[in-house]
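The values are calculated or read from the model by the stated rules, or taken from the named source; none is laboratory data. Given the structure is predicted, the values throughout are model-derived calculations rather than measurements. Accessible surface is based on the protein model in full, side chains and every heavy atom, while ligands, DNA and RNA are left aside. Shrake-Rupley method; radii C 1.70, N 1.55, O 1.52, S 1.80 Å.
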Amino acid sequence: MNVNGVSVFGPAGAGRVNQREDIRYQFRPIQKPSNAVQVGVIGYGYWGPNIVRNLQGLDNCELVAVCDKNPAALRRASKTYPGVHLTTDFSEVLTSPDIDAVAIVTPVWTHYELAKAALANGKHVFVEKPFTSTSQQAEELIELASRKNLKIMVDHTFLFSGAVRKIRELVDGGALGELYYFDSTRVNLGLFQHDVSVIWDLAPHDLSIMNHIIAERPEAVVATGGSHLNGHADMGFITVYFPRNIIAHINVNWLSPVKVRTTLIGGKDKMLVWNDLEADEKIKVYDKGVEIASGQGLYDLLVSYRTGDVWAPKVEQTEALKVELDYFLDCVMNDRTPSNDGEAGLRVVQLLEAAEESLKGKGRHVVLS
Ligand SMILES: NC(=O)c1ccc[n+]([C@@H]2O[C@H](COP(=O)([O-])OP(=O)(O)OC[C@H]3O[C@@H](n4cnc5c(N)ncnc54)[C@H](O)[C@@H]3O)[C@@H](O)[C@H]2O)c1
């Protein structure tokens, strides 16, 4: 299919719908509120309904259309959003004059083509993580958006969670002292993806959080992992090296019997534990540390351990996706560049590519350019 000179679609059969089942509702003329962004959403599978629900609840948004090539998904949407235009044809969303911005909530391999067509048609783009399948695609989209003065925001949802906002505040304010390490575990049984490895599926969360917290550019990546079921890595262990001796480690796994969402961040002065599964007290700051007391010779070193108070700072409970989408609309309306823009999405894709390259080389040290 060709939308405004941009070829949209990859693998044969993708995007086609059985005409018998095709659901088309007429576009209704829209009364544009002057202070609202008109948004169309493409993809109403697992994550799409969360995007649609939050957009629908925001005052500065007019949810115009929801598109999914699967008519069953649209039937679900029609029950909850009877007034919204529903279509199986993404080109309707990409070319509608009633739409200012498009949210792309489809599998990773479709992001580039859909985002490129949206930008070519003058739409701002909110696109799911990971931004694209390759850094080259990401660079191309960034260039296109810049040329057309359009916004790209990549959905790195966790950056808008109360916990990550609080951690960033603590780190920036020097509460932990000089940073030593970032160590994140994101494991559970499933959800297995058909098109990407666990690294491309889950690690974008940790890598985007890591990039957001550590005010340094990563230098190198080492990754190992295993593939046991469908040919894609289902467990991955990624190490990222930073300047100033900061090290990050990310453990992602679809084969864990238990769900763990824990991040440790260690600094010279204090250490922090973020357990995202805790209802309250998600973050605990430990006044713990280690000091070397004497420097005479190797065997004379005195290591002293410091143990002080534990503190649980207040964490904002607002839904991260709501905060993020509100910010996206604000960036579109007020011509601001989002912090999680295409460049931020590109940095994550570069790390994913490096991790994949290292994994293929059985833990080869991959230096980032
Ligand atoms: N930010 C987060 O926390 C988060 C969480 C889950 C998923 N995601 C991301 O969201 C994206 C979608 O993931 P998912 O789990 O919802 O996938 P999914 O497979 O459940 O849903 C994708 C939907 O897109 C539809 N679709 C695919 N191609 C289409 C096309 N050309 N036109 C119209 N509809 C099309 C499919 O029919 C399907 O309903 C992925 O990029 C994933 O990484 C993000």
Open item on the list: Between 205, 124, 228, where does the largest GNM mean-square fluctuation fall for the chain, given springs only between Cα atoms within less than 10 Å?
Closed with: 228
- [ ] List the equivalent ellipsoid semi-axes of the chain in whole Å, largest first, each obtained as the square root of 5λ for an eigenvalue λ of the Cα gyration tensor.
- [x] 41, 23, 19
Open item on the list: Sort 91, 358 by heavy-atom solvent-accessible area, probe 1.4 angstrom, most to least.
Closed with: 91, 358
- [ ] Counting only C-alpha contacts under 8 Å and six or more residues apart, can you give the relative contact order of segment 260-369 as a whole percent?
- [x] 14 percent
Open item on the list: Can you give me the Kirkwood hydrodynamic radius for segment 275-359, using every pair of distinct Cα atoms, in Å to one decimal?
Closed with: 18.2 Å
Task: Filter on 259/362; 129/322; 129/314; 69/322; 270/314; 69/116 - keep pairs with C-alpha separation over 22 Å - done: 259/362; 129/314; 69/322
- [ ] Could you check which residue among 218, 49, 257 shows the biggest mean-square fluctuation in a GNM of the chain with a 10 Å Cα cutoff?
- [x] 257
Open item on the list: Below 8 Å between Cα atoms, with a sequence gap of 6+, how large is the relative contact order for segment 26-142 in percent?
Closed with: 24 percent
Open item on the list: Given a 10 angstrom Cα cut-off, can you work out which residue in 235, 333, 271 is the most mobile in a GNM of the chain?
Closed with: 333
Task: Rounded percent of accessible protein surface that carbon and sulfur make up, the chain, 1.4 Å probe - done: 50 percent
Open item on the list: Given an 8 Å cut-off on Cα distances and at least 6 residues of separation, report the relative contact order of the chain as a percent.
Closed with: 17 percent
Open item on the list: Quick check on the chain: of the DSSP beta bridges with both residues there, what percent are antiparallel, nearest 5%?
Closed with: 60 percent
- [ ] Take 200, 109 and sort them by solvent-accessible surface of the protein heavy atoms, 1.4 Å probe, largest at the top.
- [x] 109, 200
